[in-house]
1. If we keep just the residues of the stretch 185-195 that are without any contact (Cβ under 8 Å) to a residue 60 or more places away in the chain and not charged (D, E, K, R), which is surrounded by the most Cβ atoms within 10 Å (Cβ to Cβ)?
2. Of all residues in the stretch 121-150, which are surrounded by fewer than 16 Cβ atoms within 10 Å (Cβ to Cβ) and either among the β-branched types (Val, Ile, Thr) or in contact (Cβ under 8 Å) with a residue 24 or more places away in the chain (or both)?
3. Check Thr192, Thr183, Thr229 and return the single one that is assigned to a strand (DSSP E or B) and not hydrophobic (A, V, I, L, M, F, W, C).
4. Output the residue which, of all residues in the stretch 211-226 that are surrounded by 13 or more Cβ atoms within 10 Å (Cβ to Cβ) and among the polar types (S, T, N, Q), is farthest from Phe128 (Cα to Cα).
5. Being among the hydroxyl-bearing types (Ser, Thr, Tyr) and surrounded by 19 or more Cβ atoms within 10 Å (Cβ to Cβ), is that true of even one residue in the stretch 197-210?
6. What do you reckon, is Gly83 loosely packed, with under 13 Cβ neighbours inside 10 Å, at pLDDT 95 or above and touching a Phe, Trp or Tyr at 6+ places or on another chain (Cβ under 9 Å)?
7. Do we find a residue being out of contact with any His (no Cβ under 7 Å at 6 or more places or on another chain) and loosely packed, with under 14 Cβ neighbours inside 10 Å anywhere in the stretch 173-181?
8. Going through Tyr55, Tyr100 one at a time, which residue ends up being out of contact with any Cys (no Cβ under 9 Å at 6 or more places or on another chain), surrounded by 20 or more Cβ atoms within 10 Å (Cβ to Cβ) and without any contact (Cβ under 8 Å) to a residue 40 or more places away in the chain?
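The values are calculated or read from the model by the stated rules, or taken from the named source; none is laboratory data. These figures come from a predicted structure and were not determined experimentally. Reconstructed Cβ throughout: ideal geometry from the backbone, glycine too, with neighbour counts over all protein chains shown.
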Amino acid sequence: MRRKFLTLGLAGILLVSSLTGCAGKEQNTTETEDTEMTEDAAQTAEDEQKTGIAYESASDSQIDFSALQAENPDIFGWLYIPGTGIDDPILQSEEADDYYETRDAYGRDNASGALYTELANLKNMCDFNTVIHGRGDSDSAPFAGLYDFADPDFFEKHEYAYVYIDGNLLTYEIFAAYEREDTSLIRTYDFTYQTGCQQFIDDLYGTRVMGMNLREDFEQITPYNFLITLTTKKDAASDKQFVVVAALVGDVAGTIDRIVE
């Protein structure tokens with residue numbers, strides 16, 4: 001059975017370009033014109049250099065995947081959550097599931113790590129549950145801002161997360177944030193089968209932990225949904241992980257689909 005679920009149209013993110021001009025006094029010397037042209041050329045060169053991992057940001061509603069993958073082909077997506085400071089590439093390594101836990105998006109050794117998924121997850125975001133990991137144990141860690149969702153007021157006011165993949169923009173509504181046992185979601189639940197997906201849903205709604213934030217009217221989640229679960233820890237030695245779960249509500253290209261067995 002092929003079925004799309006909770007794929008509402010995206011009416012929000014608009015790219016607006018405005019060209020403005022102004023009339024002033026006519027310049028009488030070619031020196032002024034030459035200076036302006038030189039300054040414009042310098043600015044253009046500077047803008048062209050501002051691409052890739054160091055300068056990309058989803059805050060302007062576009063990501064240059066050609067530039068990113070030229071720097072590191074393991075980059076397949078970009079996660080942006082307004083109001084949290086989370087605006088980073090998502091990677092997947094063929095060397096090891098946790099390769100980017102201690103490496104940055106360039107692949108260099110870095111205690112803060114990068115955002116990453118495990119090999120069990122598809123990179124086209126068509127799994128029932130794509131689990132995105134990131135460290136949150138320092139201010140420089142990519143998921144440091146994820147803990148903002150532990151605050152009920154912040155959780156209530158910040159509903160959406162955006163995932164960019166090459167050729168598509170996906171919008172997810174955040175509906176749960178809570179602490180759970182520090183076990184691997186990928187290994188605990190078999191998300192390739194409907195039974196594993198349903199077990200995750202049952203366990204999520206059956207969780208009654210202090211401080212759990214759960215958005216109302218989301219009891220309709222089923223194995224036909226497309227979820228992301230963001231997971232992090234404040235302390236590497238902790239036996240708890242903090243997770244934020246969101247469901248797909250917008251698929252601009254209309255390509256997210258799968259067969260549910």
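1. Residue satisfying both the conditions and the ranking: Leu185.
2. Scanning the stretch 121-150 gives Cys126, Ser138, Ser140.
3. Only one candidate qualifies: Thr229.
4. Asn213
5. Checked against the condition, which is being among the hydroxyl-bearing types (Ser, Thr, Tyr) and surrounded by 19 or more Cβ atoms within 10 Å (Cβ to Cβ), the stretch 197-210 yields no hits at all.
6. Yes: the conditions hold for Gly83.
7. Within the stretch 173-181 (the criterion being out of contact with any His (no Cβ under 7 Å at 6 or more places or on another chain) and loosely packed, with under 14 Cβ neighbours inside 10 Å), the answer is yes, since at least one residue qualifies.
8. Result: Tyr100 is the single residue among Tyr55, Tyr100 that is out of contact with any Cys (no Cβ under 9 Å at 6 or more places or on another chain), surrounded by 20 or more Cβ atoms within 10 Å (Cβ to Cβ) and without any contact (Cβ under 8 Å) to a residue 40 or more places away in the chain.
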